[in-house]
Amino acid sequence: MKKIFCLASLLSVLSAHAQTIGLDSIFSVIGRSHPALRSSDAAARSLDEAAKGARSWEAPTVSTGFWMTPYDPSLWKRQANGESGAGQYMVSAEQMFPNRRSQQAQEKYLGGLSAVERAKKGAAVNELYAAAGRAYFQWLIAKHRQSVLEEDGKLLDFMIKDAELKYKNNLGKIGAYYKAKAAIGNLENRKIALDNLVEQQRIALNTLMDRDRAATFDIDTTYELMPVAGVGADSAGLLDGRSDIRAVSESIRVTGLEQDAERAKLKPEFGVRYDHMFGFGGTPLQYSLMATVRLPMAAWSSRASKANVESLKWKAMSLEAERDAMVNEATGAAYGIKRAMSSKLRQVRVLADDVLPALRRNFQTMELAYEQNTEELLALYDAWETLDSTQMEYWDAVESLLLMQVELKRVLEIK
């Protein structure tokens, strides 16, 4: 027993010197440091940079070589009868001019992709915050349970010592003494389990904050219960508030922009071609200047773009159905959690306001009667055991309520 209290004292001294971090501070560190979020930022920046190239032109084409030149080199020279030689050497350049509407459509499409990535980042932040909240509140409740066990240890130590003294003086029975001794061992096992739980949650939070997994810190044991009545769970709020649903909405918008880009590909494109010829054997310099037009709307060349437009129409319909399913699922989950939280909150209040005060008074009455030798140790032990189990039931209910609160915030993406 002395070893248990020495260890508890040592842990309390160490935790007193450890840094205390609140949940909001943990969220702030996660938002700055988590690798997944840095990856999302880089991906969005990559898409922004790609959009800058949407208005680029096609590379010019330059060619050079012989033009309409006889295989017989003797014919390249001026002939004896005064006729000019045959054949020319040509330098050619060609440039296609992009369709402005096509460029604008492509730029809007590429620019919209980064909005999808940023919305996905918001969804990732929401999931990370929920994971941090679960770990934080499990740790918080474990600390409250540790406080209960510390008080239990003191009470059991008192029972054991007093029972030993009364038994030596033939003033009491020894039966409940062994139950108290066994409870001490059970208490130690429960403390070990709670210590392990605290360490696991510390590791989980360090991981989420991308810190040294062995870094020591403590958390604030105060907490607030969220008022459920004022929390809305309507479809319109979810469409605007949930990042993953907003990401689907952005994907639908981007799909429309991609359709516009595919349609713009069917617009004609114009260009110019200039050829300059150096004649052989006195042939005068010549040139050719041609306007060119590309006609992608032709039936045999437009099939791919038209098929893509039709495919994207069905993709948008699929995304709309996916978004409706997500809203439906989130709405149902939110209403279910709110109902469960209301019920659990009533249980917590009954335990806190009615049950626990009555059991504490009962234990104090039994303790006083035991000290006055009008009650047996077994009755005192039973009163303590009932109080202890009810206290743990209370903290179980609070933990369940806090975890439901985290889940509700995750479902509705409440910051």
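What follows is calculated from the coordinates using simple rules that are stated; it is not laboratory data. As the structure is a computational prediction, the values presented were derived from the model and not from experiment. Ideal geometry is used to build each Cβ from the backbone, glycine not excepted, and the neighbour counts take in all protein chains shown.
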Problem - Cα centre as origin, Lys/Arg/Asp/Glu Cβ charges: segment 365-415 dipole, Debye - result: 600
Practice task
Return ARG242, ARG349, ARG145 ranked ascending by Cβ neighbour count within 10 Å, so the fewest neighbours appear first.
Solution key: ARG349, ARG145, ARG242
Problem - Whole-angstrom Cα spans of segment 54-171 along principal axes, big to small - result: 151, 34, 11
Problem - Answer label, with Cα extents along the principal axes in Å calculated from the coordinates and candidates [x] 69, 53, 48; [y] 151, 42, 27; [z] 81, 68, 45 - result: [y]
Problem - Anisotropy class of segment 28-81 from Cα gyration tensor, a/c 1.5 cut - result: prolate
Handout entry: GLU385, GLU224, GLU117 arranged by Cβ crowding within 10 Å, fewest neighbours leading
Key = GLU224, GLU385, GLU117
Practice task
Starting from the alpha-carbon convex hull of segment 242-329, give the projected area averaged over all orientations, in nm².
Solution key: 8.8
Handout entry: Exposure proxy order (Cβ contacts within 10 Å, fewest to most) of THR390, THR374, THR292
Key = THR374, THR292, THR390
Practice task
May I ask for log10 I(q)/I(0) of segment 173-220 at q = 0.23 Å⁻¹, from a Debye sum over the Cα atoms as equal point scatterers with solvent left out?
Solution key: -0.80
Exercise for the section: Return one number: the angle in degrees, 0 to 90 and rounded to the nearest 10, between the long axis of the Cα atoms of helix 100-168 and the longest principal axis of the Cα atoms of the chain. Expected result: 10
Problem - Helical contribution to [θ] at 222 nm, DSSP H n ≥ 4, -39,500 (n - 2.57), averaged over the chain, rounded to 500 - result: -24000 deg cm²/dmol
